[in-house]
Structures are given as C-alpha cells and as structure tokens.
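> Can you read through this structure? Questions will come right after.
A short reminder: the numbers here are calculations on the coordinates, not readings from a lab. Here the structure is a predicted model, which is why all the values come from computation and not from measurement. Note that we place each Cβ from the backbone using ideal geometry, even for glycine, and neighbour counts take in every protein chain shown.
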Ligand code: IVH
C-alpha cells in the first residue's frame, strides 16, 4: 500500500480509492483467517486497518461503501462459515429426570449386555456443562480444525475462533496421530457479567445468559471478536482416533488432562445407581458456587470396550445419559390462550403470559399441550394438578428445563378472579374454519381441512425447510411466510421451492428488484436451493412431515430400503396394509403399526402423492449411507436369530448385526439369507431347512464377524 496520508489531507478521490483498497484488503484478510492456518495480517495490523477505515468514513460519510468493512464486524452473514463433515457423528444424550430413570438406564445396560444383576459395573459421573459442543481435530499434534456440532453430521468450521481460546491447546505432545477432542465451550458467570457490562456501555447487544453469550462469541465471522471474548473449554469426549486413549472413560479423561486439556474436576468413578445419584446430589449442592452454568450430570459406562458393545441408537448412545436438574419455576399471570395449528392439523393451545424471568430467560409464551391438559386430565384420563383446570386470568406456575419450551405446571386457585370461566376449546379450526375433530383415543383435536388449511400448509413448508430437513440457507420460517400465497412467486408446496428460479426468470418483475432483495441475495437464494437438490434420503423423507415419521424413523427407513425407488415401490405395494411389502415395513426396527399406517396413507392420498412424486422428480435423492461395512460378510444380508444365544443377548446380537449392515428380521422367509440358531431353536430352524436357508450356530456367527 502507498504511504498513508493524514486523513485531513486526503482528497475526496484519494479517500474513495483508499476505502476501496481497505475493503478488499480486510475482506481478503478475513477469508485468509478462516481458511488458512497462517493469517496474512497480524491482529494488530488488522485492527489498525479497521480503525483507519472507520476514521476515513467519519471524515467522508458520503463515501461509505455498501460493502464497508465496518458494517461487517460480527454481522451475521448467512453462509459465512465453511462446513465440516464430522468424521464421527456428534450425537446427543438421552435424558433422565428422576432417580427411577437412572435405575432404568442401568437396568437396560445390564439387560443389553446380559450381565448378572450381582455383577459390578462402573460408571463415570460428571457435570453437564451448559455451553455448546465443539470438536477439535489434531493431526500429528497440531490443531487442524475446529467444528461446531451443527446437525450432528455436518458442523461449521470455526477453526480461527477456536485458536483464540486459551483453554484449547494448539499443539499436543505425545498424542495419537489423529485425535478429535470433544468438549464444551462455555463462559463463566464472572466473565459473562463483565461482558454484558461492556456491551451495555458500548450500546451493544446484551446477552440473555452465558450460553447465548458463548454461542454468539464463538460463531463470530471476525475471529478478533471471539478473541476479545473470554471463552473457556472443558474436554469430555473424543471422536476420530488413530489409537485408543485408554481402556476406560476415566483413563481417557486423565489422558486428555495430561495432554493439556482442561477436564472437569468433579468427574468421578461410581459403582451403580446409588453412587451415581449420590454424586449427582453432591454436584447439585455445588452448582450455585461453581461459577459456570451446568444443567445436569452425565453418566457414562466406564469401560470403553463395553461402550463399544453397547453402541448407539439412532441419535443417542446406549452407554451414557444426562441426568437433568429439576427445572426452574416462576409464577405469573395467564393473559390469554391462543390456538396454533400445526403441520399435522393439531390445534395446540399456547399460553400468553405476563413476561417473567425463568432460569435467566424471559418467558412470555408456554405450551398448554392439548384440550385435556387445560381441563386437568392426562391421556389416561387421570387428574393432573389435582384436577385443577387452567383459565385465562389465572396465576400460573411456569417452568423451563434446558432448551425445552416452557410449560405451565400449576395454578394457584386462591388467586383466581371471581368472574373467571372455564376455557372453551374451539371445535372449528381458527385458521380455515373447517371442523376440528378429536378421534377416539387421541388427546389432540385436529383441523380436518388438510391442504386447504393455510396454517397446515405453511407449517408443513416451515418443517420442510427446517434445519434437520432441507435446511436451505436464506429460506427460513420468515421467508416461507413471505412467499406463501405471494401473487407473483408463490411457494405453496415444496415443489414450488424448486421451480422458484425458473418462475422468476419468466416473471416480468424479478425477485432481485423487490424491496429487501438485491442481485446478490436473490442469486444466493437460488444457489442455496440449487445446492439442496442433492439430498440424503433420510432428510428428504423426514422433510415431508408425515405424521409419526420423525427424524430417527426416516433415517431407519432410508437405511432399510437403501434408495428412493425401492422405498417408493414398497409404499405402493403396501397400500393395502397387507402382504409382504406391508410385513417388511412392520419388521423394520422402530416402525410400529401407527407409523406404518400413516406412511402408506400419505402415499395413497392422491394430492399428497402427486406432490411427493413431483418433488422427487426435482431432486437427486441420494442412496442411504450404509453403516461402515467394509469387509463385512453380512452387509445387505437378511439375518434371523433364533433359539437362545449364550455369548450375548438378542438385543446386542441384533444391534451388532445391524451395525455391520445386515437387516435383522423376526421371522424366516424366502428373503432370509442366514439363520443363526442357538440351542432350543424350533420351527424357525425347520422352516429355514425347508427353504434351504443357510443355518449356523452362535460360535460360527461370532467367528464370521470376528475382528469387524
Ligand atoms: S458426552 C455421545 N459429556 O450435552 C455423547 N456431553 O445432550 C457425548 N454436554 O451435545 C457427549 N456436558 O454438548 C457429554 N460432560 C459432558 C457434557 C456433554 C455437556 C453436552 C454436549 C452434548 C449434549 C448432549
């Protein structure tokens, strides 16, 4: 750069040229910082250039550029972070709320492993840190990559930001060649208070709680801002590894501490549920004085070989659980009850509350679940809250546990206004005036309007673009509201999303010329949509929002059928709800009658089927990823277990076979490839023999899968 002049002596042309130069230089530096290990500018030089840019802008306000670097500080740019696919998925934890849930967790493990009830089993217990999880990838002792959890499979690249956190070592000595360390980024109470004070003084955004402050600070495009924020990190788990860290969870945590990570000092080895609960209580006592937020205690099976035998359900490990602390409570006035219509037509009552702070967050809405909950009855017809109903004007107790939606727990009848009346639940849909019907055995009243109900259509679309579904950058709930029923460029069904660009091209007025849009934002939206034409099978299915077919089930169905075409044909064949395709659907782990019925009826309804098929024609639905089954002799095979197994339980055998890519069926048929028969095998063994299905015993099975 040319010698810098005093700002007062800059001519207007010189100022314009220098602002242009600074914009390019700072943008380059930002990019470098995020993609390279070696940033091109020092922090001090970067800051100096930013200050000079701001000073020139102050002296020449009319020259301020549209892409001014001073506007980009911390601005949430939509696709600012690169994406990182986790080598090992970052899963979440199941929850326990009561002591009984903890014993159930332990019992399930004993059962799964087939352990005798007198056998000892060790666990670790440690605080559940209320921050956000981060995965740090080290290669040959160097920190190479830091990624947020994201959707568990793909996270955001926040390497530059992680490098500014003092608790995170940049080099490790004596670590395995590949080591992914996982843990929680958080902010201490003291640092949070000081940060908010600074923010307030500077007229900047004040954070609601330390977790939001930590998340907002880590997810900064400008790593210089992250650096100025006091973030901390506890290591508690790992992902990809080239060599084991230890034999036990406790040993692995100790090893991480030796490598230079901060690990939680309240981590303790415990035997059995009683000891776990004792340590939980101990941590609960210390909670208020720890100086950082925790929201429970995490229990993990200590022996790592047992962890791997236990494995995972679709999104949570069998070998760990989070025992949550009781929710925080507060009393406030119920000002009104609104009815929201969801994507499946459910009429959901929402409490409008006089704002109240619960656990550090201001709450003004809470769910009231359904009609019966307001009346004071649960789904088995038993009383809740001692049968007290909820009325507008009531003094109600509200609680929040972690991230979940606030709920109404109780009513103070002594404060009930004299003129209050029981709440009358609507019997017509407030959005489309269709009848709202309650079916036998259903606690939920539903709008019968189907796709003619705008609320259902809009909620279905919001679900379609949501994070766990299509997750289209720049097309969120707000934009769906905007495009829905738009006169020139309507999005009424998911198909309309994928025709948006071509329709815009043939329109006279273009999206880019609309208020709030420009060349760049319109182009970005079309690009983001284009990118999502390639979509994993499980996500595409989940996105359809078919009742009872959630994320886990969608992935399970995808893994089972492998590709869209096979699945689609199976749905047609199963329409009659009988026959082999129907049987096969029901044999899938986790698919019950209710889900199966809901699924086939979605494909049997003309309008819904047309939308789905047209949509599929606009997409490239990727075949489901098979579990890692390289070298697995049972990948894709249909296996049946029968008789008693002696080396492992049926549940473990099934989970293991599935993790090796096999499909485990409950009965022998022409499709069966292999029968594993233990002692006492009866009719199934006979049928297999009749059909000529290969039959082996448990030892042969173990030999077959050994070392995989
Ligand atoms: S272990 C396979 N340990 O809780 C699961 N998680 O609800 C490995 N978390 O996403 C996670 N403290 O962000 C584990 N001591 C702890 C934790 C912890 C906080 C978070 C983590 C995870 C979430 C799951």
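> Label residue 421 and residue 85 with points 7 Å out from Cα along Cα→Cβ: what is the distance between them in nm?
6.0
> Once you have a ≥ b ≥ c as the square roots of the Cα gyration tensor eigenvalues for the range 148-294, tell me rounded if a/c is under 1.5, and otherwise prolate or oblate according to whether a/b is larger than b/c.
oblate
> Binning at 5 Å from 0, report for the range 336-449 what percent of all alpha-carbon pair distances ends up in each bin.
Whole-percent P(r) values from 0 Å outward: 2, 11, 20, 22, 20, 15, 7, 2, 0.
> Extension gain residue 313-residue 479, at 0.36 nm per residue separation less the Cα-Cα distance, in nm?
Value of the extension gain: 56.3 nm.
> While we're on this one: Can you give me the distance in nm between label points at residue 486 and residue 242, each placed 7 Å from the Cα along the Cα-to-Cβ direction?
Roughly 5.0 nm, to one decimal.
> Can you give the extra length, in nm with one decimal, that the chain gains between residue 667 and residue 563 once fully stretched, where that is 0.36 nm per residue apart less the Cα-Cα distance?
In short, 35.1 nm is gained.
> Let me ask another. Work out the P(r) tail for the range 553-605: percent of alpha carbon pairs separated by more than 12 Å, whole number.
So the portion of pairs separated by more than 12 Å is 59 percent.
> Taking the C-alpha atoms of the range 295-382, how large are the radius of gyration and the largest Cα-Cα span, Dmax, in Å?
Expressed in Å, the Cα Rg and Dmax of the range 295-382 come to 19.2, 55.
> Among 26, 10, which comes first, then next, by fewest other beta-carbon atoms within 10 Å?
With the fewest neighbours first, 26, 10 line up as 10, 26.
> Calculated FRET efficiency, residue 139 and residue 58, Cβ-Cβ r, R0 45 Å, to nearest 0.05?
0.50
> Still on this structure: Would you mind checking the range 309-337 for residues with the amide N under 11 Å from a putative spin-label position 7 Å along Cα→C-beta of residue 412?
So the set is 330-333.
> With a Förster radius of 56 Å, plug the Cβ-Cβ distance of residue 24 and residue 700 into 1/(1 + (r/R0)^6) and report the FRET value to the nearest 0.05.
Taking R0 as 56 Å, the efficiency between residue 24 and residue 700 is 0.25.
> What is the order of 91, 266, fewest Cβ neighbours within 10 Å to most?
In order of increasing Cβ crowding within 10 Å: 266, 91.
> In Å and from the alpha-carbon atoms only, list the Rg and Dmax of the range 376-532.
Radius of gyration, then largest Cα-Cα span, for the range 376-532: 21.8, 65 Å.
> Once label points are set 7 Å from the Cα along Cα→Cβ at both residue 194 and residue 100, what is their separation, rounded to one decimal in nm?
The two pseudo-label positions are separated by 4.7 nm.
> A further question follows. Grab the eigenvalues of the alpha-carbon gyration tensor for the range 433-510, scale each by 5, take roots, and send me the semi-axes largest first in whole angstrom.
29, 15, 9
> Express in % the proportion of alpha carbon pairs of the range 555-708 at distances exceeding 21 Å.
The share of Cα pairs beyond 21 Å in the range 555-708 comes to 51 percent.
> Taking only the alpha-carbon positions of the range 501-592 and ignoring solvent, what does the Debye formula give for the base-10 log of I(q)/I(0) at q = 0.20 Å⁻¹?
-0.91
> Which order results if 646, 282 are arranged by neighbouring Cβ count within 10 Å, fewest first?
Sorted ascending by nearby Cβ count, the order is 646, 282.
> Give me log10 I(q)/I(0) at q = 0.11, 0.13 Å⁻¹ for the range 451-566, Debye formula, one equal scatterer per alpha-carbon, no solvent.
-0.39, -0.53
> Report the semi-axes of the equivalent ellipsoid for the range 76-189 in whole Å, largest first, where each axis is √(5λ) for an eigenvalue λ of the Cα gyration tensor.
Equivalent-ellipsoid dimensions as semi-axes: 33, 18, 15 Å.
> Where Rh is the Kirkwood radius over the Cα pairs of the range 612-660, the temperature 25 °C and the viscosity 0.890 mPa s, what D in µm²/s does Stokes-Einstein return?
It diffuses with D of about 180 µm²/s by this estimate.
> Taking a ≥ b ≥ c as the square roots of the Cα gyration tensor eigenvalues, with a/c under 1.5 meaning rounded and otherwise prolate when a/b beats b/c, else oblate, which class fits the range 231-307?
oblate
> If the chain between residue 527 and residue 467 were fully stretched, how many nm would it gain, using 0.36 nm times the residue separation less the Cα-Cα distance?
Here the segment from residue 527 to residue 467 would lengthen by 19.9 nm.
> Same structure again: Shape of the chain from its Cα gyration tensor (a ≥ b ≥ c, root eigenvalues): rounded if a/c is under 1.5, otherwise prolate when a/b > b/c, or oblate?
rounded
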